[in-house]
Amino acid sequence: MILQTARREIERLCKNKIYWFCMIVAPLISLLFFISLMYNGLPTKLPAGLVDLDNSSPSRNLARQLDAFAGTKITAHYPSFEEARKSMQRGEIYGIFLIPGHFAQDVVVEKQPKISFYTNNSYLIAGSLLFRDMKTVANLASGSVVLQMGRARGYTNAQIIASIQPILIDTHPIGNPWLNYSVYLNNVILLGILSLLIMCVTVYSIGSEIKGKTAGEWLKTGNNSILQSLIGKLLPQTIIFFIVGLMMFAVLYLFMEFPVNGSIWNMILALLFFIFASQSLGVFMIGCFPTLRLGLSFACIWGMISFSISGFSYPVDAMYPAVQLMSNLFPLRHYFLIYVDQALNSRALFYSWPHYMALLAFGLLPIIVLRSLKWSLQYKSYQP
Amino acid sequence: MKFPIFTIWREELKNIYRDIGVVLFFIVVPFIYPVLYSIIYNPEVMRETPMVVVDMSHSTLSRDFVRRIDATPDVQVYKYASNMEEAKEIVNSKKAYGILFIPQEFSQDIHRGKQTTVSLYADMSGLLFYKAVLLATTEASLEMRKIVNVNAIELPVPYEAISLYNTQNGFASFLVPGILVLVVQQTLLLGISMICATTRERNRGALVPHNPIYSDALRTILGKVMAYLTVYIFMSIWVFIVMPSLFHFPHLANEGTLALFILPYLLACIFFSMVVAAFIRGRETPMMILVFTSLPILFMSGISWPQTAIPAFWKYFGYLFPSTFGIQGFVKLNSMGASLNEIAFEYKALWLQTGIYFIITLLIYKISLLLHKNKI
């Protein structure tokens, strides 16, 4: 009976500390880590260096404006670009704002002095954030000068504004108006870690039966039916992972108040399917490699690659076509797309159902290996 | 035996190549992982992000504007939609990642010398989509400024933006160097933990076999370290020298400097792994409990999430891992062309870690030897 198998499995889960660690402790550590790491949302006060070769009141004013941005903090003044660059090389600053000599004077005589800013894109996030602030300040500088000059020539403010910037771009980042990285990163990374752990635990719980030569005993509780034995074994794990997943949701959506613009029930459904897909992959892995160590290695490699290939930081559309196709073989990819539709954009369920179906389709994988897995369970003694 | 240390070295090498699990971590994974990640990220940048246009103006000016956006490398105009509903439908089905709405009065406004407003909607499923559509639209609008208004006031304060390192803002060039360094630490950690657990299983919990050549803790440790170094010197050449040039990641440091830097990194990783390994029981346990830590450890290095934005607790916690200094140091050397002098902090930290973890390893092995003796 399934219940009998499930009872045996629960005993096994409780007895072995590794399950406690992988099913409860590890997800919680990860949750704590990523939530506290990105608690403040966008990084603020990124260190930047100032090279002010003019050192006039307007140039100092410009530097003050830059420093006033939440994202930028001018941590040091350098007498020359070369020294600032060395400091950047040591990693002390992520950007350099350079105001040329005679800046104030050149502005007045309309010689168009050029401001230069340098960012370090070896740290892509820090570099892009600084770039944004520096560019805004440079534009503000032009704006205020033009406004003065225009007024002196008798133009109206509206005319002046239209002449500097005839087309104003009003941006609407859909679903994440704060451009907050932690919203993406947390939602996908945490679920990715969960998926990795699910695959490992699934492989381990089956593989350790082979290694410990207890597979026969396990099959017996399931009337020697591999399907029944698997369901009895994995169902308790599904329930535990589902509860852990819901806890993650509670922290992300209730405590951190990350956006769920659609229905939370659609996300909960996605979570359930996602756990199912990860477990199915786990069964497939140990079915293909019925040695605990190889099965686990497979799970680890798949789990680690899924962070990159799911496309939440670097878009899948920008990858090679073959890699784009491959990405469909990772549950995290489908979960991410559902997340984008349902939580960020609150799109109709219609747009996401292929991905819900894809997650369910992972359930077909164990069927392929069912027979060979049963054979391994019955006859394969563990090879170290 | 004249030089027992070489016997230990040879025995440890045997432990490595006779165990397929260890071979997997020491050789296969460091060989394949960097390639996989490089292939995933190698296109480096998002080009031609598809965008939908809703043009209510239907004017020469608006078409010119859109053509200029289309001409940028960042964005490709996927389609003209007749209204916002249709455009949203296209974005919802993920055929495009942005909508540009041009109002009816677009052309009139510009001709009258009045500022006009276009609306840009960006799908936020990737920050790179948002960046691409915003960049392309801004660029085109600046060009339009020169077109529509011949006697426009010139920008009094022009600017130039220069990315000093990773000049093409590539994603692979930014992230993969960090991953390369991390792979070395994590595979050493997994492999050494596995060897250690096997030895324990075979020797009733002792860290070394009951054999006179292992009677000296220092000798044992050095012999083992020599074996790990033997393998990882080759792996390091692949990971740190061949990979960056193969995939055209920045590789500004010369081999000599890299070697001087990688040596303490490998040593710190090895001793760190030997300490961790001493606390792990079971041959499969290392994978179960160590693999998921790769992500937090990568974030603590400060390569993606800026170091200055990492809370103090996690920053100092990160100092426990050689990878934190290894990644920073390697990126500065190889991506930014720093000299060893300029990364003195990371360099010293790695040697310090080597020393500290070496002493702890030594203590652990001495204690294990004592306990083992008492048992017999």
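Would segment A:289-309 turn up any residue that is of a type outside the set (D, E, K, R), in contact (Cβ under 8 Å) with a residue 40 or more places away in the chain and within 22 Å of B:Lys131 (Cα to Cα)? Walk me through how you get there before you give the answer.
If we filter segment A:289-309 for residues that are of a type outside the set (D, E, K, R), which is where we start, we get A:289-292, A:294-309.
After this cut, where a residue has to be in contact (Cβ under 8 Å) with a residue 40 or more places away in the chain as well, the list is A:290-292, A:295-296, A:298-300, A:302-304, A:306-307.
Narrowing the set further to residues that are within 22 Å of B:Lys131 (Cα to Cα) leaves A:307.
The answer is yes; a qualifying residue exists.
Evaluated against (1) under 28 Å from A:Ser352 (Cβ atoms); (2) in contact with a strand residue (DSSP E or B) (Cβ under 6 Å, 6 or more places away or on another chain); (3) part of a helix (DSSP H, G or I), B:Glu89 falls short on exactly one condition, (2).
Applying a threshold of 7 Å to beta carbon distances and a minimum spacing of six or more residues, or different chains, the list of pairs starting in segment B:103-128 at a residue that is at the interface with chain A (Cβ under 8 Å from one of its Cβ atoms) and in a strand (DSSP E or B) and ending at one that is crowded, with 17+ Cβ neighbours inside 10 Å and of a type in the set (Lys, Arg) is empty. Within the set A:Lys220, A:Lys211, the sole residue that is free of Cβ contacts under 8 Å to residues at least 24 places away in the same chain and charged (D, E, K, R) turns out to be A:Lys220. In the set A:Glu209, A:Glu257, only one residue is at pLDDT below 95 and touching a Phe, Trp or Tyr at 6+ places or on another chain (Cβ under 6 Å); that residue is A:Glu209. Of all residues in segment B:206-235, those satisfying the criterion of being in contact (Cβ under 8 Å) with a residue 24 or more places away in the chain, within 25 Å of A:Arg293 (Cβ to Cβ) and of a type outside the set (A, V, I, L, M, F, W, C) are B:Lys224, B:Tyr228, B:Thr230, B:Tyr232. Contact list please: Cβ distance under 7 Å, first residue in segment A:344-369 and without any contact (Cβ under 8 Å) to a residue 12 or more places away in the chain, second residue surrounded by fewer than 19 Cβ atoms within 10 Å (Cβ to Cβ) and in a helix (DSSP H, G or I), pairs at least six apart or on different chains. Once the first residue is without any contact (Cβ under 8 Å) to a residue 12 or more places away in the chain and sits in segment A:344-369, its partners that are surrounded by fewer than 19 Cβ atoms within 10 Å (Cβ to Cβ) and in a helix (DSSP H, G or I) give A:Tyr351/B:Asn92.
Are there helices (runs of 4 or more DSSP H) fully within segment A:197-288 with at least 3 residues that are within 13 Å of chain B (Cβ to nearest Cβ)? List them.
Details: elements: A:215-221, A:226-249, A:264-288.
Hits in segment A:197-288: A:264-288.
Name the residues in segment A:150-178 that are more than 7 Å from chain B (Cβ to nearest Cβ) and crowded, with 17+ Cβ neighbours inside 10 Å, would you? I'd like the intermediate steps shown before the answer.
Pass one, segment A:150-178, residues more than 7 Å from chain B (Cβ to nearest Cβ): A:151-157, A:160, A:177-178.
Once the filter is applied, which keeps residues that are more than 7 Å from chain B (Cβ to nearest Cβ) and crowded, with 17+ Cβ neighbours inside 10 Å, segment A:150-178 yields A:Tyr155, A:Ile160.
Got a sec? Which of B:Val148, B:Val133 is closer than 27 Å to B:Lys114 by Cα, facing another protein chain (nearest Cβ under 8 Å) and touching a residue at least 12 places away in the same chain (Cβ under 8 Å)? I'd like the intermediate steps shown before the answer.
Values: B:Val133 fails: facing another protein chain (nearest Cβ under 8 Å).
Of the residues listed, the single one that is closer than 27 Å to B:Lys114 by Cα, facing another protein chain (nearest Cβ under 8 Å) and touching a residue at least 12 places away in the same chain (Cβ under 8 Å) is B:Val148.
Take A:Ala299 and tell me if it is within 12 Å of chain B (Cβ to nearest Cβ), buried (at least 24 other Cβ atoms within 10 Å of the Cβ) and out of contact with any Phe, Trp or Tyr (no Cβ under 7 Å at 6 or more places or on another chain). Considered against the rule, which asks whether it is within 12 Å of chain B (Cβ to nearest Cβ), buried (at least 24 other Cβ atoms within 10 Å of the Cβ) and out of contact with any Phe, Trp or Tyr (no Cβ under 7 Å at 6 or more places or on another chain), A:Ala299 comes out as yes. Of the residues making up segment B:7-24, not a single one is without any contact (Cβ under 8 Å) to a residue 24 or more places away in the chain, over 30 Å from B:Ser273 (Cα atoms), touching a helix residue (DSSP H, G or I) at 6+ places or on another chain (Cβ under 9 Å) and not acidic (Asp, Glu). Where helices (runs of 4 or more DSSP H) sit wholly within segment B:1-86, those with at least 3 residues that are more than 30 Å from B:Leu142 (Cβ to Cβ) occupy B:4-17, B:20-23, B:29-41. Just one of the listed residues (B:Ala259, B:Ala312, B:Ala253) is surrounded by fewer than 20 Cβ atoms within 10 Å (Cβ to Cβ), under 24 Å from B:Pro34 (Cα atoms) and out of contact with any Gly (no Cβ under 6 Å at 6 or more places or on another chain), and it is B:Ala259. A:Ile24 satisfies every condition listed in (1) surrounded by fewer than 17 Cβ atoms within 10 Å (Cβ to Cβ); (2) free of Cβ contacts under 8 Å to residues at least 12 places away in the same chain; (3) under 30 Å from A:Val201 (Cα atoms) except (2).
Taking the conditions exactly as written (free of Cβ contacts under 8 Å to residues at least 12 places away in the same chain and farther than 30 Å from A:Phe97 by Cβ), does A:Ile239 satisfy them or not? Judged against the criteria, A:Ile239 is a match.
Taken over segment A:349-381, the criterion of being part of a loop (DSSP other than H, G, I, E, B), out of contact with any Leu (no Cβ under 7 Å at 6 or more places or on another chain) and either surrounded by 13 or more Cβ atoms within 10 Å (Cβ to Cβ) or at pLDDT 90 or above (or both) is satisfied by A:Gly363, A:Lys380.
Looking at segment A:119-126, can you tell me whether even one residue there is in a strand (DSSP E or B), at the interface with chain B (Cβ under 9 Å from one of its Cβ atoms) and surrounded by 22 or more Cβ atoms within 10 Å (Cβ to Cβ)?
First, pick out the residues of segment A:119-126 that are in a strand (DSSP E or B): A:119-120.
From the residues that got through so far, the ones that are at the interface with chain B (Cβ under 9 Å from one of its Cβ atoms) too are A:119-120.
Imposing the further condition that a residue be surrounded by 22 or more Cβ atoms within 10 Å (Cβ to Cβ) reduces the set to A:119-120.
The answer is yes, given that some residue of segment A:119-126 is in a strand (DSSP E or B), at the interface with chain B (Cβ under 9 Å from one of its Cβ atoms) and surrounded by 22 or more Cβ atoms within 10 Å (Cβ to Cβ).
Checked against the criterion of being under 19 Å from B:Gln186 (Cα atoms) and surrounded by 22 or more Cβ atoms within 10 Å (Cβ to Cβ), the candidates B:Leu333, B:Leu298 yield just one match: B:Leu298.
The values are calculated or read from the model by the stated rules, or taken from the named source; none is laboratory data. Being a predicted model, the structure only gives us computed values, none of them experimental. Don't worry about glycine lacking a Cβ; one is built from the backbone with ideal geometry, like all the others, and counts go over all protein chains shown.
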